[in-house]
Ligand code: SF4
């Protein structure tokens, strides 16, 4: 499998899809705090919904302290209808205090620091590190996990195993954009159900197709 070729194709495809919401906010704001908030809100939520909510939220919230002006209930109303909006409102309410006390009001860059923030797990931490700080990190979400396995590039059972396998074999120069490319590809082409294999630019590279062809003989 030629990962350089696959990456080139994914990069080209990316330009023809709507940008994932976190990339969009990065392009629009270059602001690590807004990228962090967008990433927290985007979990288990369609990009379209997250995008609508953050455009509304960022009219009034520009820095961590601004969150202190809202009650948890107000924040829940503001971020509705993202998935788990009540839990995410709780996390946003706690965010300014920990950023101030532990990180001098700045979003940290390191994974073990990022995961100290409320609502930030390993996946979110990797995405913030890669997108906001352009530091090598691989964010493995459902799209990256699914497509890496369908292609046959890794053979893993969980996103964590996929992250570890990718860290071992994916050239580091590809880490930062790998999530963005696969998320866009997974939302538009290699979808969870009924992937559009017959028009896929990776058709000839994909192990899933090889396996299907083998069993159809
Ligand atoms: Fe996904 Fe099908 Fe393309 Fe393979 S051929 S990457 S399964 S859309």
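Overview of results
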read-out: Looking only at region 196-209, and only at residues there that are surrounded by fewer than 18 Cβ atoms within 10 Å (Cβ to Cβ) and assigned to a loop (DSSP other than H, G, I, E, B), the one that is farthest from the ligand (Cβ to nearest atom); value: 201
read-out: Qualifying position, being outside any loop (DSSP other than H, G, I, E, B), at pLDDT 95 or above, out of contact with any strand residue (DSSP E or B) (no Cβ under 9 Å at 6 or more places or on another chain) and under 25 Å from residue 133 (Cβ atoms), among 106, 90, 100; value: 100
read-out: From the options 160, 178, residue that is assigned to a helix (DSSP H, G or I) and either in contact with a helix residue (DSSP H, G or I) (Cβ under 7 Å, 6 or more places away or on another chain) or crowded, with 20+ Cβ neighbours inside 10 Å (or both); value: 178
read-out: Scope region 153-188; condition modelled with pLDDT under 95 and over 17 Å from the mean Cα position of the chain (by Cα); matching residues; value: none
read-out: Residues located in region 31-60, provided they are assigned to a helix (DSSP H, G or I) and either surrounded by fewer than 14 Cβ atoms within 10 Å (Cβ to Cβ) or in contact with a strand residue (DSSP E or B) (Cβ under 8 Å, 6 or more places away or on another chain) (or both); value: 48, 55, 56
read-out: So residue 172, is it farther than 25 Å from residue 45 by Cβ, in the same structural domain as residue 88 (by TED's automatic domain parsing) and more than 12 Å from the ligand (Cβ to nearest atom); value: no
read-out: Among residues of region 9-30, those that are free of Cβ contacts under 8 Å to residues at least 12 places away in the same chain and either outside any helix (DSSP H, G or I) or closer than 17 Å to residue 85 by Cβ (or both), counted; value: 3
read-out: Subset tally (residues that are free of Cβ contacts under 8 Å to residues at least 60 places away in the same chain and either surrounded by 19 or more Cβ atoms within 10 Å (Cβ to Cβ) or assigned to a helix (DSSP H, G or I) (or both)) for region 124-156; value: 19
read-out: Flag if residue 193 is free of Cβ contacts under 8 Å to residues at least 24 places away in the same chain and outside the structural domain of residue 48 (by TED's automatic domain parsing); value: yes
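The values are calculated or read from the model by the stated rules, or taken from the named source; none is laboratory data. The structure presented is a predicted model; accordingly, all values stated were derived computationally and were not measured. Quick reminder, even Gly has a Cβ in these numbers, built from the backbone with ideal geometry, and neighbours come from all protein chains shown.
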